[in-house]
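To start, the structure under review is shown below, and the notes come after it.
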Amino acid sequence: MKIEFVLNDKKQVIQVDPASRLLDILRDDFELTSVKEGCGEGECGACVVLMDDKAVNSCLIPVGNIEGRHIVTMESFRKTERYKVIEESFLEAGSVQCGFCTPGIVMSTESLLRENPKPGDNEIRDALSGNLCRCTGYNMIIKGVKLAATRGKGLW
Amino acid sequence: MVDGFRPADLQEALEFRARHPSIPIAGGTDLMVQKARGFGLKPDFNKPLLFIGHLRKLRQISVRDGNIHIGAGVLLSELIINDKISEALKMAVRQMASPPSRNLATIGGNICNASPAGDTLPYLYAVDAKLILKSVSSERIIHIGKFITDPKQNTLEHDELLTEIIIPNKIFNVSYYKKVGQRKGMSLTKASFQGLADIKNSNVLDIRIAFGSVAPIIVRSREIEASIIGKPVSEINAAVPEILKKYATLIRPIDDARSSAAYRKRVSLRLLEDFLSKLS
Ligand SMILES: Cc1cc2nc3c(=O)[nH]c(=O)nc-3n(C[C@H](O)[C@H](O)[C@H](O)COP(=O)(O)OP(=O)(O)OC[C@H]3O[C@@H](n4cnc5c(N)ncnc54)[C@H](O)[C@@H]3O)c2cc1C
Ligand code: FES
Ligand code: FES
């Protein structure tokens, strides 16, 4: 099937089996390796990307569903001002250890702050409930998100 | 063989459905996992996929004759923020999966997947939701209980699509939904409970009770509900042990990877007890 979509601000037309997972297309065909496969079952959030500004699990998306949609991965999000604030805050709060979960967590954070620029602890916990982290124990991530929300006031 | 089809509108989708054996796919959050073959591999489907998640007609929420009509393709995340949706349904949906998968998953997919652990189902059974099933040449409206026949089984015809869910116009001033799962917001449910009641002047005008995950299909008993309706709350509070006993015979959970039968039964009855004790 022919699929037209926008990937990191660039229009793409691909010929694919529509049952292919968006995750594999991003990693294998576009070499966007910030997108990780943790579980392949929607449980870990390592594969989270933005679709029309909302966090989604790319391992659950058949590419037949991305026609006309805008997909954003870390590779382009990292060029934004908002990313810089998140990065700085995460580093300062100790939100990153091995880093495997980080791209997914950054995407979920961006999706949350777009909807709710001043989230409380519970709202942050809920927004990140689909992202597993084996290293940090989450509290440092919550702290990082809060810091980003405060520092980035007006950006979201 | 065609590998998939993206219809321009519902009409085109139904025409495709009539002509070809196909698998409708909305969000794909159930199908992509059920058909997964492992790391880096595309899922294996034995029939062409019919993509329906983008169809406008399936994405609307409207009020008609006082009833709420929810399009089958409405996302779980959209239900949570729509002001036509009752707080009771929102409560159940907020506990489903996680935000990134709620941005993909649809209510129609949850119904058609027909899992006894489906989190929208106890609510939909409790309110007597009806479903509109359409084909090119027909339309039928059936009660959700007639649609889901067994775990993973529904009565969808090969040429039909679920298009709308109708929630009857009815106010309940007490609503209660709890699910017990492994991890908050994720993994499928071990036991779930939906209670709804309309209490006025300390009398039970209406009550609805539904259990998920504890039998092959959702458990609801109109008979037991009828025995509660019309009575003063004080009488019901005194009869709690008796009501629990009645429901205990209907709850027949299985042992599986998620939980033991005995645990499920105990937890389900405790949720019922908690709900009944909150009536006042
Ligand atoms: C990580 C994870 C966590 C989850 N957590 C929960 C949870 O907590 N609670 C819960 O209840 N579920 C949960 N699920 C299951 C799933 O997300 C839901 O059942 C969801 O609502 C399915 O919707 P979908 O659009 O993605 O379905 P799809 O996968 O697209 O479809 C599911 C089934 O319905 C059929 N179908 C879909 N739409 C139609 C239609 N309009 N007409 C006819 N047939 C149709 C499909 O053919 C398929 O058989 C979880 C899934 C994952 C991966
Ligand atoms: S790889 Fe997609 S959620 Fe784990
Ligand atoms: S930092 Fe290692 S998994 Fe989160």
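No lab work stands behind these numbers, since they all come straight from the coordinates. These figures come from a predicted structure and were not determined experimentally. Positions of Cβ are generated from backbone atoms using ideal geometry, with glycine treated the same way; all protein chains shown enter the neighbour counts.
A few points about this structure:
- Förster-model FRET efficiency, 41 Å R0, A:Asp28 and B:Ala8, C-beta, rounded to 0.05: 0.85
- Mean Cβ count within 10 Å, highest first, over the residues of peptides B:227-235, B:154-162: B:154-162, B:227-235
- In the protein assembly as shown, the calculated helix contribution to ellipticity at 222 nm averages -8500 deg cm²/dmol per residue, counting -39,500 (n - 2.57) for every DSSP H run with n ≥ 4.
- Candidates B:Asn67, B:Ala117, B:Leu50 compared by Cα position along the dipole of the stretch B:4-168: farthest toward the positive end lies B:Leu50, with charges placed on Cβ.
- Across peptide A:57-70, the average count of Cβ atoms from other chains found within 10 Å of a residue's Cβ is 6.
- Length-normalised contact order for the stretch B:4-168 - Cα pairs under 8 Å, 6+ apart - percent: 25
- Restraint check, B:Lys200/B:Lys245; B:Lys130/B:Lys190; A:Lys2/B:Lys179; A:Lys79/B:Lys90; B:Lys231/B:Lys265, Cα-Cα greater than 30 Å: A:Lys2/B:Lys179; A:Lys79/B:Lys90
- Reachable lysines from A:Lys84, criterion Cα separation under 30 angstrom, eight or more residues apart if same chain: A:Lys10, A:Lys11, A:Lys36, A:Lys54, A:Lys118, A:Lys143, A:Lys146, A:Lys153
- Computed over chain B: relative contact order in percent, which uses C-alpha pairs under 8 Å that are six or more apart: 15
- Counting, for every residue in B:8-16, the Cβ atoms of other protein chains within 10 Å of its Cβ and taking the mean gives 0.
- Computed over the stretch A:2-76: relative contact order in percent, which uses C-alpha pairs under 8 Å that are six or more apart: 41
- Between A:Glu4 and B:Glu139, the simple label model (points 7 Å from Cα in the Cβ direction) yields a spacing of 3.2 nm.
- Counting only Cβ charges, +1 for Lys and Arg and -1 for Asp and Glu, the dipole size of the protein assembly as shown around its Cα centre is about 860 debye.
- For residues of B:218-224, the mean tally of beta carbons on other chains within 10 Å: 0
- Most positive-pole-ward Cα, B:Ile107, A:Ser58, B:Asn169, against dipole of the protein assembly as shown from beta carbon charges: B:Asn169
- Kirkwood-type radius of the protein assembly as shown, with distances r between different C-alpha atoms, in Å: 22.9
- Computing FRET efficiency as 1/(1 + (r/R0)^6) for B:Ile224 and B:Tyr263, where r is the C-beta to C-beta distance and R0 is 22 Å, gives about 0.45.
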